[in-house]
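Report on one structure; see the data block that follows.
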Amino acid sequence: MTISLQSVSRVFADSESGTEMVALQDIDLAIADNEFCALLGPSGCGKTTILNLVAGFDMPSSGRILVDGRPVMAPGPDRGVIFQSLSLFPWLSALDNLLFGPRVRGLDLKAERHRAQELIRMVGLEGFQHHLPHELSGGMQQRVAIARVLMNEPSVLLADEPFAALDEYTRRAMQEEFSRIWQRTRATVVFVTHNIEEAIFLADRIVVMGRKPGRIKAVLTIDMPRPRSRTSERVMELTRQALDLIQPEVAI
Ligand SMILES: Nc1ncnc2c1ncn2[C@@H]1O[C@H](COP(=O)(O)OP(=O)(O)OP(=O)(O)O)[C@@H](O)[C@H]1O
Ligand SMILES: [Mg+2]
């Protein structure tokens, strides 16, 4: 599915001061079907706001957002959202977390159980399907959360710093896993991160944003085949480019 943001602005009113806060100003962005697009930028530049708009959790103040050519009016099963914080049901096993949605929707649980087991294998959690979330590491929990979103077979995956809470090593392993999963499912991905290395490792294009007001500063195309190196000359060059774009935006 394609995603298109056309002159999108989002203004928040501060009820206390009576002032307006321009979180996003005139965002134009076209994301192709099956593209992996990363949103990179300093805190407060509007990354989460964009994700919320595409997810249908929020509406733009002006402009429009189309998914597969149709205006976004509400959240829908075509768009799966992965959050930073773990959002599993703590009293359900990994497998039952995956089956929660299908159960609520009254689907044939026998077939769904089979799919859930396949997804659990795909995210590398075979043998852990009967564990409760607290019996799993943070990385494993996040893999369950990703598998749970994939149960709905969304055409669009919206991820908001999904690996930010993980340690460096787990994070890298998860990036590799996520890249593999994306190459298999070929969903259109919008992936928010603060992490330049992560964006370069994963994305087809990186949208670099600036703040006050939130806007697009530049779009970098990552023209490297997968699986990717993390240390090549080209990676260093792209890292430098991204840093040069972001550093002036950082307020200290
Ligand atoms: N519901 C809201 N009401 C008022 N202001 C908001 C609301 N949501 C976001 N904002 C403001 O809009 C701006 C952009 O916020 P947003 O959360 O999209 O940034 P971000 O890029 O995701 O930041 P971070 O990297 O810290 O997650 C911020 O200044 C924020 O305070
Ligand atoms: Mg955010």
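The values are calculated or read from the model by the stated rules, or taken from the named source; none is laboratory data. Given the structure is predicted, the values throughout are model-derived calculations rather than measurements. Glycine also receives a Cβ, built like all others from the backbone with ideal geometry; neighbour counts cover every protein chain displayed. These accessible areas exclude ligands, DNA and RNA; they are computed on the full protein's heavy atoms, side chains included. Shrake-Rupley method; radii C 1.70, N 1.55, O 1.52, S 1.80 Å.
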Net charge of Cβ neighbours under 14 Å - reference Ala251; Lys, Arg +1; Asp, Glu -1
+1
Mean Cβ neighbour count within 10 Å, used as a protection proxy, ranking 143-153, 162-172, 51-61 highest first
143-153, 51-61, 162-172
Most mobile of Ala32, Ala242, Ala94 in a GNM of the chain (Cα contacts under 10 Å):
Ala32
Highest-first arrangement of 185-198, 110-123, where packing means the average Cβ count within 10 Å
185-198, 110-123
Alpha carbon centroid spacing (whole Å) that separates the stretch 21-75 from the stretch 120-177:
24
Enter the accessible area of Ser229 (Å², nearest 10), with the probe set to 1.4 Å and all protein chains included.
50
Residues with beta-carbon under 15 Å from that of Asp78, excluding Asp78: net charge, scoring Lys, Arg +1 and Asp, Glu -1?
+1
Taking amide H positions as placed 1.01 Å from N in the peptide plane, with prolines and chain starts having none, which residues 5 or more places from Glu35, or on another chain, fall under 5 Å of its amide H?
Val189
For the chain, how big is the tail of P(r) above 34 Å, as a whole percent of Cα pairs?
19
Given the options Pro225, Pro42, Pro90, state which has the largest fluctuation in a GNM of the chain using a 10 Å cut-off (strictly under) for Cα springs.
Pro225
For the chain, accessible area per residue (1.4 Å probe, heavy atoms of protein chains only), Å²
48
Quick one: angle between helix 233-246 and the longest Cα principal axis of the chain, in degrees between 0 and 90, rounded to 10, please.
60
Residue by residue through the stretch 32-45, which ³J(HN,Hα) values in whole Hz follow from phi under the Karplus form 6.51 cos²θ - 1.76 cosθ + 1.60 (θ = phi - 60°), with glycine and proline marked x?
7, 4, 6, 7, 9, 10, 9, 9, 10, x, x, 3, x, 8
Specify whether the C-alpha gyration tensor of the stretch 1-93 places it in the rounded, prolate or oblate class, a ≥ b ≥ c being the square roots of the eigenvalues: rounded for a/c under 1.5, otherwise prolate if a/b is larger than b/c and oblate if not.
oblate
Under the rule rounded for a/c under 1.5, else prolate if a/b exceeds b/c, else oblate, using alpha carbon gyration tensor axes a ≥ b ≥ c, the stretch 109-252 is classed as prolate
Kindly write out, for the stretch 51-63 in residue order, the coupling ³J(HN,Hα) from the Karplus curve 6.51 cos²θ - 1.76 cosθ + 1.60 (θ = phi - 60°), rounded to whole Hz, with x marking Gly and Pro.
4, 4, 5, 5, 5, x, 7, 8, 10, x, 6, 8, x
Net charge, Leu202 excluded, C-beta distance under 10 Å - Lys, Arg +1, Asp, Glu -1:
-2
Report the relative contact order of the chain, percent, no decimals, based on alpha-carbon pairs under 8 angstrom and at least 6 residues apart.
27
Take the alpha carbon gyration tensor of the stretch 50-97, find the square roots of its eigenvalues, order them as a ≥ b ≥ c, and report rounded if a/c is under 1.5; if not, report prolate when a/b exceeds b/c, else oblate.
prolate
Accessible-area composition of the chain, carbon plus sulfur, in percent [1.4 Å probe]
53
